[in-house]
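Below you'll find the structure, written out as structure tokens, and then a few comments.
The values are calculated or read from the model by the stated rules, or taken from the named source; none is laboratory data. Note that the coordinates shown come from a computational prediction; the quantities given were computed from them, not determined experimentally. Every residue, glycine as well, gets a Cβ built from its backbone with ideal geometry; the counts of neighbours run over all protein chains shown.
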Amino acid sequence: MITIRDVKAILTAPEGINLVVVKIETSEPGLYGLGCATFTQRYLTVQNAIEEYLKPFLIGKDVQRIEDIWNTSMVSGYWRNGPVLNNAISGVDMALWDIKGKLANMPLYQLLGGKCREAAPVYIHADGRTKEEVKENVCSYMEEGYRYIRCQMGLYGGKEQKIIKPDHALDGAYYDPKVYMRDVINLFDYLRSKLGPEIELLHDVHERLAPIDAVRFAKLLEPYNLFFLEDALPPEQIEWFKTIRQHSAIPIAMGELFNNPNEYIPLIKDRLIDFIRIHVSQIGGITPAKKLISLCESFGVRTAWHGPGDLSPVGHAASVHLDISSINFGIQEMNKFNDAIQEVFPGTPEVKNGYVYPNEKPGIGVEINEELAKKYPCTNELPSWTLARLPDGTSARP
Ligand code: GCO
Ligand code: MG
């Protein structure tokens, strides 16, 4: 029996974004696995959960028993389904799937049912201070071969806005929801008039609107035929998706903030969303993700795994293996990796002509240069954008 000999968290930030990768070493010399445990805003806590709690629990266990290890790890602290422990468990889970692929001498997608497609179409992020600037960025991505493009104007909630604050207003990332709504509707009206109907456009509300405004926004954006409208509501208000469905046929995407199955199961079983946007490590890794794929398939929901900069190339590659082997794949969000991250993580997924291809190497197929990783230390700073505030200073969901 091959056993777990060591479990460690590797922290690195080659793009200036904190990443957490778990490395599991085994009793078989040279056999190890890598998994993504990236919760960028709480990376030290995830590292602590891995090294203080999961490591002593896992040493000596059979590397092959992925399902048993996932379930026993999930209940080992009794309270569960939170972001920190889910990410820690994801790192272990993905590393064990990586090891299983190496033992089987097969790329992970083969263990999950084999290819449904040769490559997964991806979407990329375009932004800009004005609608003209956004259009320019969309066009340059189209020239690179991207056919799905997320369009924002001032990232989330909009920028370049004239905010009238009260005296002595506290610091924060101020935005005006109504100005944001008007600007984005104008943006898509402009983009469609200039680019036509073919290019697939997406938008991320990022939970920045009051529920009834989200309903109106989904209705007003319907004529622009978005591929999907993401995070129209915060997780705390998901009951309002029923109302959105009654007023708009715009495709709905939700899920990056979900950790607990009770957040996403109602939306899937009642067909209130079209794309599930889960951040795979936030629900605990490949083991729960493959079960979620089957649940979604039963209800006509497609996958659109969260794939921003705060996901390691190991995590991105794991998502691509899930993409390739799922019949109800929808679209894959993709990061434009810089040179440094590609050097730290040999095997980082590559995009060609708007498609990302799976690694054909055994397991997940991404390596890590641990010495080089040390050259890019993580930093524990408050992400300023999370201190979102409305014009009068009220704290808002970021
Ligand atoms: C997306 C997400 C990200 C998140 C980020 C938070 O759709 O890619 O909204 O941009 O804001 O992952 O850390
Ligand atoms: Mg998002």
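Among Ala304, Ala317, which is within 14 Å of ligand 1 (Cβ to nearest atom), of a type in the set (A, V, I, L, M, F, W, C) and within 30 Å of Ile273 (Cα to Cα)?
Ala304
For the list (1) away from ligand 1 (no atom under 15 Å from the Cβ); (2) more than 20 Å from Arg129 (Cα to Cα); (3) of a type in the set (Val, Ile, Thr), I need the number of the one condition that Ile252 fails.
For Ile252, the exception is condition (1).
With the range 1-110 as the region, which helices (runs of 4 or more DSSP H) entirely inside it contain at least 2 residues that are under 18 Å from His279 (Cα atoms) and touching a residue at least 12 places away in the same chain (Cβ under 8 Å)? Break it down into steps so the answer makes sense when it comes.
Values: elements: 43-48, 55-58, 66-75, 83-104.
Qualifying helices (runs of 4 or more DSSP H): 43-48, 66-75, 83-104.
If we scan the range 55-72, do we find a residue that is within 22 Å of the chain's Cα centre (by Cα) and under 25 Å from Leu19 (Cα atoms)? Before you say what the answer is, go through the steps one by one.
Here is the first cut: in the range 55-72, the residues within 22 Å of the chain's Cα centre (by Cα) are 70.
The next check asks that each one be under 25 Å from Leu19 (Cα atoms); those that pass are 70.
There is at least one residue in the range 55-72 that is within 22 Å of the chain's Cα centre (by Cα) and under 25 Å from Leu19 (Cα atoms).
Does the range 144-184 hold any residues that are surrounded by fewer than 16 Cβ atoms within 10 Å (Cβ to Cβ) and under 26 Å from the mean Cα position of the chain (by Cα), and which are they?
Glu144, Gly145, Leu155, listed by residue number.
Please enumerate the residues belonging to the range 342-354 that are surrounded by fewer than 21 Cβ atoms within 10 Å (Cβ to Cβ) and touching a Leu at 6+ places or on another chain (Cβ under 9 Å).
Matches in the range 342-354: Glu343 only.
Scanning for something in contact (Cβ under 8 Å) with a residue 60 or more places away in the chain, in contact with a Leu (Cβ under 6 Å, 6 or more places away or on another chain) and within 16 Å of ligand 1 (Cβ to nearest atom), does the range 215-228 turn up at least one residue? Walk me through how you get there before you give the answer.
Here is the first cut: in the range 215-228, the ones in contact (Cβ under 8 Å) with a residue 60 or more places away in the chain are 227-228.
Those still in the list that are in contact with a Leu (Cβ under 6 Å, 6 or more places away or on another chain) too: 227-228.
Among the residues that remain, those that are also within 16 Å of ligand 1 (Cβ to nearest atom) are: 227-228.
Yes, the range 215-228 contains a residue that is in contact (Cβ under 8 Å) with a residue 60 or more places away in the chain, in contact with a Leu (Cβ under 6 Å, 6 or more places away or on another chain) and within 16 Å of ligand 1 (Cβ to nearest atom).
Restrict the check to the range 280-292 and report whether at least one residue is of a type in the set (Lys, Arg), over 13 Å from the mean Cα position of the chain (by Cα) and at pLDDT 95 or above. Write out each step before concluding.
The first filter runs over the range 280-292 and keeps only residues of a type in the set (Lys, Arg), leaving 290-291.
Applying the additional criterion that residues be over 13 Å from the mean Cα position of the chain (by Cα) yields 290-291.
So of that shortlist, the ones also at pLDDT 95 or above come out as 290-291.
So far as the range 280-292 goes, yes, one or more of its residues are of a type in the set (Lys, Arg), over 13 Å from the mean Cα position of the chain (by Cα) and at pLDDT 95 or above.
Report yes if Gly91 is over 24 Å from Gln332 (Cβ atoms) and assigned by TED's automatic domain parsing to the domain that holds Glu25, otherwise no.
Details: over 24 Å from Gln332 (Cβ atoms): no; assigned by TED's automatic domain parsing to the domain that holds Glu25: yes.
Spelling it out, it is not the case that Gly91 is over 24 Å from Gln332 (Cβ atoms) and assigned by TED's automatic domain parsing to the domain that holds Glu25.
Out of (1) assigned to a helix (DSSP H, G or I); (2) of a type outside the set (Val, Ile, Thr); (3) away from ligand 2 (no atom under 16 Å from the Cβ), what's the single condition that is false for Glu198?
It fails just one condition, (1).
Within the range 251-264, count every residue that is under 22 Å from Met74 (Cα atoms) and within 18 Å of the chain's Cα centre (by Cα). Break it down into steps so the answer makes sense when it comes.
Step one: list which residues in the range 251-264 are under 22 Å from Met74 (Cα atoms), which gives 255-264.
Adding the requirement that they be within 18 Å of the chain's Cα centre (by Cα) leaves 255-261, 263-264.
Matching residues across the range 251-264 total 9.
Could you say which residue among Tyr123, Tyr141 is crowded, with 19+ Cβ neighbours inside 10 Å and in contact (Cβ under 8 Å) with a residue 24 or more places away in the chain?
Values: Tyr141 fails: in contact (Cβ under 8 Å) with a residue 24 or more places away in the chain.
Exactly one of Tyr123, Tyr141 is crowded, with 19+ Cβ neighbours inside 10 Å and in contact (Cβ under 8 Å) with a residue 24 or more places away in the chain, namely Tyr123.
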